[in-house]
Every structure is written in C-alpha cells, then in structure tokens.
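Here is the structure we will look at, set down as structure tokens.
Bear in mind these aren't lab numbers, they're just calculated from the coordinates by the rules spelled out. In this text the structure is predicted, and so the values were computed from the model without any measurement.
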Amino acid sequence: MNKTTVWVAPVIAVLTLAGCGQEQQEQAQRSQADAAIAQAESSVRELGEQARQGLERAGQAVGDRVERAAEAFDDAALSAQVSAALARDPQLSALTIDVDTKAGRVRLSGTAPSPEARDRATQLAAAVPGVRSVDNLLTVSPKP
C-alpha cells in the first residue's frame with residue numbers, strides 16, 4: 001500500500017460519515033417541517049371551525065332579531081286593527097280605550113260607558129284575526 005492510499009482511505013471514511021450525518025440532519029429538518037405544516041393545517045382547520053360557529057351564532061342572533069321585529073310589527077298591526085274595530089262601534093270610543101298588544105295578547109285599558117260596552121270591547125278585540133287573548137282592564141265610567 002502506498003502512502004496516498006493510507007491517507008485517502010480515512011478521508012473518504014470521514015466524508016462518508018459526514019454525509020450520513022448530513023442526511024440524518026436533513027431528514028430531521030424534513031420531519032420538523034412536516035410537523036410544523038401539520039400543526040399549521042390543524043390550526044387553520046380549528047380557526048375555520050371557530051369562524052363557522054361564530055357565523056352560525058351571528059346568523060341565529062340576526063334571525064332572532066328579525067323574528068322579534070316581525071312580532072313587534074304584527075303586534076302593532078293587531079293593536080291598530082283592534083282600535084279600528086272599537087272606533088267603528090257606536091257604544092265605544094277608541095279615544096278613551098288604550099290598546100296594547102304583545103305576542104298577540106291584547107290588553108285594553110281606559111274607560112267604557114257601561115258594563116255592556118266593556119264586554120263588547122272584549123268581543124270586538126277577540127274577533128280580530130291573530131288575537132290570542134284579551135285582557136280587559138276597562139273601568140266603567142258612565143258618560144255625563
């Protein structure tokens with residue numbers, strides 16, 4: 001064996017081992033990158049789910065508000081219809097009877113000229129489509 005062969009063989013062995021170490025290091029870096037990508041994908045999925053849930057809750061809240069607004073509009077329309085029915089009756093004066101409606105339940109307050117007129121107000125209010133119940137708080141106060 002010559003001197004060059006003796007010298008080259010250990011250098012090749014060191015370079016080969018260094019190459020193996022570099023390959024292992026690259027594999028470790030790829031594994032770390034893969035883990036980071038998987039974590040990022042998981043985070044994105046989680047954020048997407050949170051966003052979906054938030055939008056779902058917001059949609060429900062808007063739906064609830066629209067429903068309440070529609071109910072308030074319906075109640076106002078019922079109050080107007082009951083007031084009109086009372087105004088058309090010759091024994092009753094819509095000006096002295098207050099009509100409040102909530103969720104289809106009508107409350108009459110104020111005065112009626114007679115017990116019969118008071119009962120008639122209940123009948124007229126109950127006859128309006130959409131009225132669920134009538135709470136008649138009218139007091140009888142004969143006209144002078």
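Things worth noting here:
- Note on ALA76 and GLN123: the extension gain reaches 15.0 nm, defined as 0.36 nm multiplied by sequence separation minus the Cα-Cα distance.
- Viscosity 1.002 mPa s, temperature 20 °C, Stokes-Einstein D of region 75-144 from Kirkwood C-alpha radius, µm²/s: 186
- In plain terms, the chain from ARG107 to ARG30 could stretch by 20.2 nm, reckoned as 0.36 nm per residue minus the Cα-Cα distance.
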